[in-house]
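The values are calculated or read from the model by the stated rules, or taken from the named source; none is laboratory data. Predicted model, so just to flag it, every value in this text is computed and none were measured. No Cβ is skipped: glycine too gets one built from the backbone with ideal geometry, and neighbour counts run over all protein chains shown. What goes into the accessible areas is simple: the full protein's heavy atoms, side chains included, and nothing from ligands, DNA or RNA. Shrake-Rupley method; radii C 1.70, N 1.55, O 1.52, S 1.80 Å.
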Amino acid sequence: MDKQTTHIPQADIDRQLAYCLEVKEVYAARGVKPLAFVDTYGCQQNEADSERIRGYLRTMGFDFTQSEKEADIIVINTCAVREHAEQRVLGNVGALVHTKRAKPDQLICLCGCMMQQQHVTEKIKQSFRHVDLVFGPHVLWKFPQFIHGLLTRRGRIFQIPDEAGSIAEGIPVVRQGDVKAWVSIMYGCNNFCSYCIVPYVRGRERSRDPELILSEVRELVEQGYKDITLLGQNVNSYGKDLDCPMDFSDLLEQVNAIPGDFLIRFMTSHPKDATQKLFETMAKCEKVAPVLHLPFQAGNDRVLKVMNRRHTREQYLDKVRALKALIPDIVLTSDVIVGFPGETTEEFEDTLKVLEEVRYDALFTFIYSPRVGTPAASMDDPMSREEKLANFNRLVALQDQISEEKHREYIGKTVRCLVDGLSDDPRWALTARTPGNRLVRLDGPSDAAGRFVDVKITDANKWSLYGELI
Ligand code: SAH
Ligand code: SF4
Ligand code: F3S
């Protein structure tokens, strides 16, 4: 494996588990069953990290609550990708001053990507004095030790080592739900797209041992999970740092070979590393869902170059054409940034052309947000906020129209869907997902969650499909 990757020895994780038991005793001595509130911002990587924090908390004897007021420990797992996410975190953390006043023993902990930035942690040190613990993503595995420190010594703890990154295995996990599961296959990113903070806060790419990934998936399938998403910032780079010759397509094939009735998804794919071999593997592996999230960010070659995306629009479109030739019903989704520094409205219109050509089923659209320390943050950005917003609205309107048209193509068809749970919309009992991950609302028995069912699609709009159980 890559020399830079630190593998945390099992003995160190065992020591953390011992801290968990000591923490459990502290709360037992107080005569209370402790409660924790864990709040997660950002991407699935953060969701997966929060599942580990919950795993540690459960080992410490905690139950979980949705109420900040009654929690003995609050953990906020933060995201740094855009300013909006950071502002929400700071607003919510500010408000916790009142809950802490009412419950002085409460421990307030902040972790995640935002905390790996020095200017943020300085601000928290100075202006958010009710926060007890701040730790970066690289030392998440030491969470029990930090909590133990807070309970047994006075003072706040700030642990934000600037390490290249490590891989810690064997941390307990409490998953959200029992149908879908996240499995991290790698951490970090080497791409340094010029607008993006992720490589600075998540460190360099490092791949998990394939055997550990396979045994985790096997275990999930045995437990009844039906929808497994392999996670990484750029899964197409998987294996480049491993000693054994293996790439992401090889890993997909091996996951596909695990016996059982389940779906395999993965995200995110960087277009520059999405290969013909990957598309062929997707086409031949029957458990790999016919869906690809392939962010293109911008449709103009000059903008793509300054973004340091290392692909042109034509190269991107060629890959999409190759994939559609192999899997005609492939569901495609993407990420787009509007208002990158220096992008003109004419250049932005190239983005609209990509939408028209590819016809994504869904799109995640963002207005550019400057991130401290990234190259783009110091580039000239002459376009007004209003103009960016006008372009953004044009983009959303076009995508809404395409999404609705694509969704309406399902009407009259019968699709094998996975029921993922009870609907939040009272007009429908259940929600399900097509293999391509489109949302379906339907009626049916409440115990259907986790089952594959045939659904006849009867209606659709830009957000979702509606159907009847057959
Ligand atoms: N690793 C993934 C996703 C990273 S973050 C990938 O490469 O696609 C998810 C999305 O947030 C990105 O695809 C991008 O569209 C958006 N994003 C990242 N940095 C941003 C910024 N500074 N401003 C606005 N959007 C940003
Ligand atoms: Fe950010 Fe680019 Fe890495 Fe994605 S590939 S995480 S956008 S630097
Ligand atoms: Fe946000 Fe960190 Fe994910 S910055 S998008 S939570 S990797």
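Check VAL174, VAL183, VAL179 and return the single one that is closer than 26 Å to LEU251 by Cβ and open to solvent by 20 Å² or more (accessible area, probe 1.4 Å).
On the way: VAL183 fails: open to solvent by 20 Å² or more (accessible area, probe 1.4 Å); VAL179 fails: open to solvent by 20 Å² or more (accessible area, probe 1.4 Å).
When all the criteria are applied, what remains is VAL174.
Taking the criterion of being surrounded by 14 or more Cβ atoms within 10 Å (Cβ to Cβ), modelled with pLDDT of 95 or more and in contact with a helix residue (DSSP H, G or I) (Cβ under 6 Å, 6 or more places away or on another chain), would at least one residue in segment 435-456 satisfy it?
For segment 435-456, residues surrounded by 14 or more Cβ atoms within 10 Å (Cβ to Cβ), modelled with pLDDT of 95 or more and in contact with a helix residue (DSSP H, G or I) (Cβ under 6 Å, 6 or more places away or on another chain): absent.
Residue-wise test of (1) in contact with a His (Cβ under 7 Å, 6 or more places away or on another chain); (2) more than 14 Å from ligand 2 (Cβ to nearest atom); (3) touching a residue at least 60 places away in the same chain (Cβ under 8 Å).
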residue	(1), (2), (3)
THR152	no, yes, yes
ASP162	no, yes, no
VAL174	no, yes, yes
ILE185	no, yes, yes
ILE197	no, no, yes
VAL201	no, no, yes
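Filter segment 203-231 for residues that are open to solvent by 10 Å² or more (accessible area, probe 1.4 Å) and either within 16 Å of ligand 2 (Cβ to nearest atom) or of a type in the set (Asp, Glu) (or both) and give the result.
Within segment 203-231, ARG204, GLU205, ARG206, ASP209, GLU211, GLU216, GLU219, GLU222 meet the criteria.
Under 8 Å between Cβ atoms, at least 6 apart or on separate chains: pull out the pairs that start in segment 410-429 with a residue that is within 26 Å of ASP329 (Cα to Cα) and end on any residue that is open to solvent by 100 Å² or more (accessible area, probe 1.4 Å).
Listed pairs, sorted by first residue: THR414/ILE470; LEU418/ARG451; VAL419/ARG451.
Consider VAL396 against the criteria (1) closer than 28 Å to ILE330 by Cβ; (2) open to solvent by less than 70 Å² (accessible area, probe 1.4 Å); (3) not assigned by TED's automatic domain parsing to the domain that holds MET307: it satisfies all of them except one. Which criterion is unmet?
Every listed condition holds for VAL396 apart from (3).
Output the residues belonging to segment 301-310 that are open to solvent by less than 20 Å² (accessible area, probe 1.4 Å) and without any contact (Cβ under 8 Å) to a residue 60 or more places away in the chain.
In the first step, residues of segment 301-310 are kept if they are open to solvent by less than 20 Å² (accessible area, probe 1.4 Å); the result is 303-304, 307, 309.
Within segment 301-310, VAL303, LEU304 qualify.
Answer yes or no: is there a residue in segment 48-56 that is in contact with an Asp or Glu (Cβ under 7 Å, 6 or more places away or on another chain), within 16 Å of ligand 1 (Cβ to nearest atom) and not in a loop (DSSP other than H, G, I, E, B). Give the steps one after another, and end with the answer.
Filtering segment 48-56 for residues in contact with an Asp or Glu (Cβ under 7 Å, 6 or more places away or on another chain) gives none.
The answer is no; no qualifying residue exists.
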